[in-house]
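K.L.:
Before I ask anything, let me first share the structure, which is written out below as structure tokens.
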Amino acid sequence: MKKIYLTFLCVFTHGLLLAQTTLINAGSSWKYLDNGSNQGTAWRATTINETNWKQGNAQLGYGDGDEATVVSYGSSSSKKYITTYFRKTFSIVDASLFLNYTLKVKRDDGVAVYVNGTEVYRNNLAANATYTTLASLASDDGGTFQTTTLSANTFITGNNTIAVEIHQNAANSSDISFDLELIGNTTSAPSVTQKHIRWGTTKNPLEGLTISWTNSTTATTDQIKWGYTTAYEQGTSNVASRSGYSSSTNKFFSFTFPGTLNANSIVYYSLYDSVSGVWSAQKTYTTSPALSNDTFTFAAVGDSRTNVGVWNTISTLTNTRNPAFVVFNGDIVDTGSSASQWNAWFDNGSNLIGNKLILHAQGNHDVASASYYQNIFDLPKNNTPQTELYYSVDYGEAIFICLNSESPSDTAQYNWLVSTLAANNSKKWKIISFHRPFYTVGPHAGEMDAYWNTWFKAFDDYGVDLILTGHDHLYERFKPINRNVSTTAPVANYGSLPTEGRCQVVCGGAGAPLYSAGSSSLLQAFKSDYHYVMFDVTATSMCGTVYDDSNVAIDNFCINKPNQLSQRQKQTFYPIKVYPNPVKETFKVEYSSPNTGEGTIAIYDIKGRLIMTEKVNKLNTDFTYEYNASSLKSGVYAFEIQIGNQKDSSILVRE
């Protein structure tokens, strides 16, 4: 079945421009009962026994080929169940913010909608209908949304339950259809020019957290007021602007929250629009668990470009899982220099982008304008070039490293990678994110082969646990790979011990056109489908569950570490200084480590082939070495020193 995604943004209600919040997205998950039973009226209540109810994503129905979830009509196609029941419970943080609500429902044929036990809408169905009452014929076959406005007192602050019954117009009718969307229209004066709220950080999820938004070119100084209560007790701050997509298009505003935010807390905030001269409706953001917490969740997505309808679905489903933050593996938009594509990405991913910190890695489509990419987001600049194109985020027992695979030959980036891994060698979890995969059965196979002996060698040497990539538009997970052990066969287990292997995942299914897969003996699992990945981290494991765009799990796996201190985590790495670098002819090496005795020096080319090896004797802590590189061809090489079980390496460039 071919999936078609359309996304609409409604902005006018009775001639008034309203600020809107989507409370239930079309395509959301619903509980349903499809056994033909008589549920009377008790099923409409806020709390019932749902043990026998099933669950699936809308659109729900049968017969016309556009369902995400197919429900049962019974054993006879000529005597189908007349009534099918649907329920959903959701939460509203503050119902007083909404002036009214827009309810949109697809029904084939008749529908009655109840909120917290009270009827709020009926169409094509007689009043007081029972479970055997036939509906009137829906002339559109449920193909379009029917829209109605619900009053401000329809919903309450906290949990609300929507119950829906769909009726057939005939016992032999070919199909039923159901989907529902609910939008809240805010009471406060509309912030008609502020949009595209996103969350970043200069350090980690609680320190240096930033909020950014877009406003028009006429904006001067916007403001933010915030706090852990609705009184905004943390105060009000002026926020200066920077250039947006272009000086004639819009402006970006960014505010960095001071200090370390309270963990697992709700931040209440409001933005002052310097164009319209009003404060926005109250908004909220939930902070991550404490930095010292070894139990948390995060999500991974990638390649949202091209089909924003799919991106809308994937981003909404990801946000529903409530990760502490999201790792995005690149290719956000199709053309990185297109302001309209960025606008569409923000508009269709607002449920996720406006609620979760996202750690981005640049993709090849984003690089069409690196200045756009770096200007839009606030990301750490914890490297010597002070660039947001590669960085690390320290979170408890985990280190997240985002790399720029558009310049993998960059010596500065490689040296930073090695030094960052060495500095975080004691971390339990090492997670790497970048766009172009080393291992893939998609059409981009081979693009990173030149960097086996630099990037991937560092991953193996320092025991990286998880490698998240995109670029190929499908889901792939590979068997445990440790090229220090074998370049052709997997090892037994995922993990960071010297004999354990990397878990590399290709997560490229958030909207880009899907690819078909080839084959590889190293491939563990794959599916050509839109998807996202949720990771659950504990003190002893990191487990991933992959969900497709119908929210069905398609893969799950774990990296287990029952012992907190592993052999690798006790190991220390020592830097090697090579100079001059780049090398013209002769270069010198300075190396300091406590290991002494007979050792081996080796030089490998970029593809991991051994170029030279030499035995040396290290008598003292400090060791110097000199080598004439005139026989080396121009290119990038790895220089390695091994003494006993201690192995250290550095990169050198031959001009």
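The values are calculated or read from the model by the stated rules, or taken from the named source; none is laboratory data. Nothing here was measured: the structure is a model prediction, and the numbers come from that model. As a convention, Cβ positions derive from the backbone with ideal geometry for all residues, glycine included, and neighbour counts pool all protein chains shown. These area figures cover heavy atoms from the full protein model, side chains too; ligands, DNA and RNA do not enter into them. Shrake-Rupley method; radii C 1.70, N 1.55, O 1.52, S 1.80 Å.
K.L.:
Considering region 335-368 alone, what residues qualify as being touching a residue at least 60 places away in the same chain (Cβ under 8 Å) and in a loop (DSSP other than H, G, I, E, B)?
P.N.:
If we filter region 335-368 for residues that are touching a residue at least 60 places away in the same chain (Cβ under 8 Å), which is where we start, we get 339, 342-343, 346-348, 350-351, 353-359, 361-365.
Once the filter is applied, which keeps residues that are touching a residue at least 60 places away in the same chain (Cβ under 8 Å) and in a loop (DSSP other than H, G, I, E, B), region 335-368 yields G354, N355, K356, A361, Q362, G363, N364, H365.
K.L.:
Which residues, taken from region 582-604, are surrounded by 13 or more Cβ atoms within 10 Å (Cβ to Cβ) and of a type in the set (D, E, K, R)?
P.N.:
Hits for region 582-604 are E585, K588, E590.
K.L.:
Across region 149-164, what is the number of residues that are over 29 Å from the mean Cα position of the chain (by Cα) and not in a strand (DSSP E or B)?
P.N.:
The initial filter retains those residues of region 149-164 that are over 29 Å from the mean Cα position of the chain (by Cα), namely 149-156, 163-164.
Right, trim to not in a strand (DSSP E or B) and you get 151-156.
Going through region 149-164 one residue at a time, the tally reaches 6.
K.L.:
Return the residues of region 333-385 that are surrounded by 17 or more Cβ atoms within 10 Å (Cβ to Cβ) and basic (K, R); say none if nothing qualifies.
P.N.:
Residue satisfying the conditions is K356 alone.
K.L.:
Now for a different question. Within the bounds of region 605-621, is there any residue that is loosely packed, with under 13 Cβ neighbours inside 10 Å, assigned to a loop (DSSP other than H, G, I, E, B) and of a type in the set (S, T, Y)?
P.N.:
yes
K.L.:
Sort through Y272, Y285, Y268 and tell me the only one that's assigned to a strand (DSSP E or B), aromatic (F, W, Y) and open to solvent by 50 Å² or more (accessible area, probe 1.4 Å).
P.N.:
Values: Y285 fails: open to solvent by 50 Å² or more (accessible area, probe 1.4 Å); Y268 fails: open to solvent by 50 Å² or more (accessible area, probe 1.4 Å).
It is Y272.
K.L.:
Pick out the one residue from S173, S216, S212 that is crowded, with 16+ Cβ neighbours inside 10 Å, closer than 20 Å to K106 by Cα and small (G, A, S).
P.N.:
Values: S216 fails: closer than 20 Å to K106 by Cα; S212 fails: closer than 20 Å to K106 by Cα.
None of the others qualify; the one that does is S173.
K.L.:
What strands (runs of 3 or more DSSP E) lie completely within region 532-581 and have 1 or more residues being closer than 24 Å to T469 by Cα and either modelled with pLDDT under 90 or open to solvent by less than 30 Å² (accessible area, probe 1.4 Å) (or both)?
P.N.:
On the way: elements: 541-548, 553-560, 576-579.
Per the criteria, 541-548, 553-560.
K.L.:
Between a residue in region 232-259 that is in a loop (DSSP other than H, G, I, E, B) and modelled with pLDDT under 90 and any residue that is surrounded by fewer than 20 Cβ atoms within 10 Å (Cβ to Cβ) and among the aliphatic types (A, V, I, L, M), which pairs come within a Cβ distance under 7 Å, given they are 6 or more apart or on different chains?
P.N.:
That search, which allows pairs on different chains as well, returns Y245/A339; T249/A339.
K.L.:
Please determine, by comparing only the residues of region 405-457 that are touching a His at 6+ places or on another chain (Cβ under 8 Å) and under 22 Å from I358 (Cβ atoms), which one is surrounded by the most Cβ atoms within 10 Å (Cβ to Cβ).
P.N.:
Among those that are touching a His at 6+ places or on another chain (Cβ under 8 Å) and under 22 Å from I358 (Cβ atoms), it is H435.
K.L.:
Only residues that are β-branched (V, I, T), more than 27 Å from the chain's Cα centre (by Cα) and open to solvent by 70 Å² or more (accessible area, probe 1.4 Å): list them for region 55-94, please.
P.N.:
Of all residues in region 55-94, those β-branched (V, I, T) come to 69-71, 82-84, 89, 92-93.
Restricting the remaining residues to those that are more than 27 Å from the chain's Cα centre (by Cα) gives 70-71, 82-84.
Matches in region 55-94: V70 only.
K.L.:
What residue, among those in region 622-655 that are β-branched (V, I, T) and open to solvent by less than 20 Å² (accessible area, probe 1.4 Å), is farthest from L417 (Cα to Cα)? Don't jump to the end; show me each part of the working.
P.N.:
Kept after step one, since they are β-branched (V, I, T), are these residues of region 622-655: 624, 636, 641, 643, 651, 653.
Filter again for open to solvent by less than 20 Å² (accessible area, probe 1.4 Å), leaving 641, 643, 651.
Working: I641: 18, I643: 23, I651: 11 Å.
My answer is I643.
K.L.:
Sticking with this one: Could you tell me which numbered condition S407 fails, if it satisfies all but one of (1) in contact (Cβ under 8 Å) with a residue 40 or more places away in the chain; (2) assigned to a loop (DSSP other than H, G, I, E, B)?
P.N.:
With respect to (1) in contact (Cβ under 8 Å) with a residue 40 or more places away in the chain; (2) assigned to a loop (DSSP other than H, G, I, E, B), S407 is out only on (1).
K.L.:
Here is a follow-up. Among the candidates Y121, Y131, Y114, Y85, single out the residue that is more than 21 Å from N351 (Cα to Cα), of a type in the set (F, W, Y) and part of a loop (DSSP other than H, G, I, E, B). Spell out the reasoning first.
P.N.:
Details: Y121 fails: part of a loop (DSSP other than H, G, I, E, B); Y114 fails: part of a loop (DSSP other than H, G, I, E, B); Y85 fails: part of a loop (DSSP other than H, G, I, E, B).
Residue meeting the stated conditions: Y131.
K.L.:
Now for a different question. What number of residues within region 584-597 are touching a residue at least 40 places away in the same chain (Cβ under 8 Å), assigned to a strand (DSSP E or B) and under 27 Å from R654 (Cα atoms)? Spell out the reasoning first.
P.N.:
So in region 584-597, the residues touching a residue at least 40 places away in the same chain (Cβ under 8 Å) come out as 584-587, 589, 591, 593, 595-597.
After this cut, where a residue has to be assigned to a strand (DSSP E or B) as well, the list is 586-587, 589, 591, 597.
Now narrow it down to the ones that are under 27 Å from R654 (Cα atoms): 586-587, 589, 591.
Matching residues across region 584-597 total 4.
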